[in-house]
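Let me begin by handing over the structure; questions about it come next.
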Amino acid sequence: MAAVTAAAVSLSSSHAAKALASPTGAAHFLSYRPRAARAAIRAQVSTTDTAAVEAGAKPKKVSKKQEEGVVTNKYKPKEPYVGKCLLNTKITGDDAPGETWHMVFSTEGEIPYREGQSIGVIADGVDKNGKPHKIRLYSIASSALGDFGDSKTVSLCVKRLVYTNDAGEVVKGVCSNFLCDLKPGADVQITGPVGKEMLMPKDPNANIIMLATGTGIAPFRSFLWKMFFEKHEDYKFNGLAWLFLGVPTSSSLLYPDEFEKMQAKAPDNFRVDYAVSREQTNALGEKMYIQTRMAEYKEELWELLKKDNTYVYMCGLKGMEKGIDDIMVSLAEKDGIDWFEYKKQLKKGEQWNVEVY
């Protein structure tokens with residue numbers, strides 16, 4: 001039985017050894033090595049898999065993620081699970097541009113989700129046509145054990161959507177306002193869980209780079225709780241978790257106290273860098289967006305991205321990925337690598353995972 005605690009462990013990884021351990025790993029390792037080195041390494045690839053390919057058999061793809069036993073779509077819109085709101089609290093400052101709330105719902109263990117999955121929520125009431133509201137998907141912000149450590153709750157991180165349209169009318173997002181206004185004891189209709197794209201890597205020695213804007217932090221909070229606040233018999237994180245979080249103001253920072261505790265418990269295994277766009281600038285006086293902050297560590301990040309045990313996860317605003325591409329193109333070029341082709345290989349190897357909106 002996993003218990004909520006904390007464990008700081010030291011970094012350890014061997015890129016070359018892991019790359020040669022399987023044909024898939026070796027192929028990725030070869031993609032950025034000189035020709036002579038590639039030839040030497042190919043000679044060591046398993047002859048069993050080579051023979052299978054030559055015989056016309058398609059090698060079975062083995063996921064690098066924690067997919068075993070993952071459940072999807074247990075609850076559907078026509079028959080949702082009805083949980084109860086246990087906790088709902090605003091986690092941004094009063095002067096922040098917009099409100100973000102952290103909420104915890106009861107599941108009684110009936111929604112067996114994993115870190116990186118999402119759930120759907122159906123707001124109470126009906127739409128303008130008199131039909132039930134459509135589901136809205138939200139990334140889960142808690143580990144599989146939940147915030148209370150008993151596997152009987154699920155948590156969300158939700159920003160209240162309020163904006164003025166072209167006609168000057170104030171528009172409120174149906175589901176986000178429903179959720180942010182929930183009082184403890186209220187019922188919540190939940191569907192899911194869904195998704196496998198953002199599941200954590202199996203490798204406990206992995207380098208995990210997490211890029212988030214605003215409430216895109218949700219899946220990474222779930223990752224980080226499992227890594228640093230919990231103890232599991234079958235999982236002990238020994239790698240590097242590096243979080244980049246972009247927000248407009250310091251009063252918009254989400255879960256900073258939790259991340260501070262994680263750093264104190266595991267200083268060699270957890271790094272966090274914030275990009276506060278309305279308050280910070282870089283050396284050139286440019287606004288500090290997430291890609292601007294990453295550019296300060298671009299060489300170090302590129303070296304990590306050349307390792308077969310590095311995984312990138314991105315959650316938040318769409319524009320973030322283009323900004324990262326702009327950083328990496330020139331760095332890859334110096335090594336004679338086409339960044340966009342390289343990124344395709346990362347995606348194929350489940351090492352580049354994106355959930356943007």
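The values are calculated or read from the model by the stated rules, or taken from the named source; none is laboratory data. Keep in mind that what you see is a predicted model, and the values were worked out from it rather than measured. Positions of Cβ are generated from backbone atoms using ideal geometry, with glycine treated the same way; all protein chains shown enter the neighbour counts. Calculation scope for accessible area: heavy atoms of the full protein, side chains included, ligands and nucleic acids excluded. Shrake-Rupley method; radii C 1.70, N 1.55, O 1.52, S 1.80 Å.
Output the residues belonging to the range 251-294 that are touching a residue at least 24 places away in the same chain (Cβ under 8 Å), in a loop (DSSP other than H, G, I, E, B) and not aliphatic (A, V, I, L, M).
Within the range 251-294, 255, 267, 268, 269, 277, 278, 279, 289 meet the criteria.
For every residue, the table says whether it meets (1) surrounded by fewer than 15 Cβ atoms within 10 Å (Cβ to Cβ); (2) more than 18 Å from residue 220 (Cα to Cα).
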site	(1), (2)
253	no, no
260	yes, no
284	yes, yes
287	yes, yes
298	no, yes
307	no, yes
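Kindly evaluate residue 234 against the criterion of being modelled with pLDDT of 95 or more and not β-branched (Val, Ile, Thr).
Working: modelled with pLDDT of 95 or more: no; not β-branched (Val, Ile, Thr): yes.
No: the conditions fail for residue 234.
Could you give every pair whose Cβ atoms fall below 7 Å, whose first residue belongs to the range 303-319 and is on the phi > 0 side of the Ramachandran plot, and whose second residue is open to solvent by 10 Å² or more (accessible area, probe 1.4 Å), counting only separations of at least 6 or pairs across chains?
316/213; 316/214; 316/356
Find the residue count for the range 315-351, including only residues that are open to solvent by 20 Å² or more (accessible area, probe 1.4 Å) and among the small types (Gly, Ala, Ser).
3
Can you find a residue in the range 99-108 that is in contact with a helix residue (DSSP H, G or I) (Cβ under 9 Å, 6 or more places away or on another chain) and assigned to a loop (DSSP other than H, G, I, E, B)?
yes
When the range 154-170 is examined, which residues are found to be over 25 Å from residue 217 (Cβ atoms) and of a type in the set (A, V, I, L, M, F, W, C)? It would help to see each step written out before you state the result.
Here is the first cut: in the range 154-170, the residues over 25 Å from residue 217 (Cβ atoms) are 164-170.
Correct list: 167, 170.
Right, next: Mind checking whether some residue in the range 122-135 is assigned to a strand (DSSP E or B), open to solvent by less than 20 Å² (accessible area, probe 1.4 Å) and either charged (D, E, K, R) or touching a Leu at 6+ places or on another chain (Cβ under 7 Å) (or both)? Show your work before the answer.
Filtering the range 122-135 for residues assigned to a strand (DSSP E or B) gives 122, 126, 132.
Now restrict to residues that are open to solvent by less than 20 Å² (accessible area, probe 1.4 Å): 122.
This time we only want the ones that are either charged (D, E, K, R) or touching a Leu at 6+ places or on another chain (Cβ under 7 Å) (or both), so: none.
Within the range 122-135 (the criterion being assigned to a strand (DSSP E or B), open to solvent by less than 20 Å² (accessible area, probe 1.4 Å) and either charged (D, E, K, R) or touching a Leu at 6+ places or on another chain (Cβ under 7 Å) (or both)), the answer is no, since none of the residues qualifies.
While we're on this one: Name, by its number, the condition in (1) surrounded by fewer than 21 Cβ atoms within 10 Å (Cβ to Cβ); (2) touching a Pro at 6+ places or on another chain (Cβ under 8 Å); (3) closer than 30 Å to residue 68 by Cα; (4) modelled with pLDDT of 95 or more that does not hold for residue 272.
So residue 272 meets the others, but not (2).
Would the range 330-339 turn up any residue that is outside any loop (DSSP other than H, G, I, E, B), under 22 Å from residue 271 (Cβ atoms) and in contact (Cβ under 8 Å) with a residue 24 or more places away in the chain?
yes
So which residues in the range 136-158 are of a type in the set (S, T, N, Q) and surrounded by fewer than 21 Cβ atoms within 10 Å (Cβ to Cβ), if there are any at all? Write out each step before concluding.
Here is the first cut: in the range 136-158, the ones of a type in the set (S, T, N, Q) are 139, 142-143, 151, 153, 155.
Result: 151, single match.
Let me ask you something else. With respect to residue 228, determine if the residue is open to solvent by less than 10 Å² (accessible area, probe 1.4 Å), closer than 22 Å to residue 150 by Cα and without any contact (Cβ under 8 Å) to a residue 40 or more places away in the chain. Don't jump to the end; show me each part of the working.
Details: open to solvent by less than 10 Å² (accessible area, probe 1.4 Å): yes; closer than 22 Å to residue 150 by Cα: yes; without any contact (Cβ under 8 Å) to a residue 40 or more places away in the chain: no.
For residue 228, the condition - open to solvent by less than 10 Å² (accessible area, probe 1.4 Å), closer than 22 Å to residue 150 by Cα and without any contact (Cβ under 8 Å) to a residue 40 or more places away in the chain - is not met.
Here is a follow-up. Has the range 156-170 got at least one residue that is without any contact (Cβ under 8 Å) to a residue 40 or more places away in the chain, among the acidic types (Asp, Glu), closer than 23 Å to residue 214 by Cα and not in a strand (DSSP E or B)? Give the derivation first.
Here is the first cut: in the range 156-170, the residues without any contact (Cβ under 8 Å) to a residue 40 or more places away in the chain are 161, 163-170.
Cutting the leftovers down to among the acidic types (Asp, Glu) gives us 166, 169.
Narrowing the set further to residues that are closer than 23 Å to residue 214 by Cα leaves none.
Taking every residue of the range 156-170 in turn, none turns out to be without any contact (Cβ under 8 Å) to a residue 40 or more places away in the chain, among the acidic types (Asp, Glu), closer than 23 Å to residue 214 by Cα and not in a strand (DSSP E or B).
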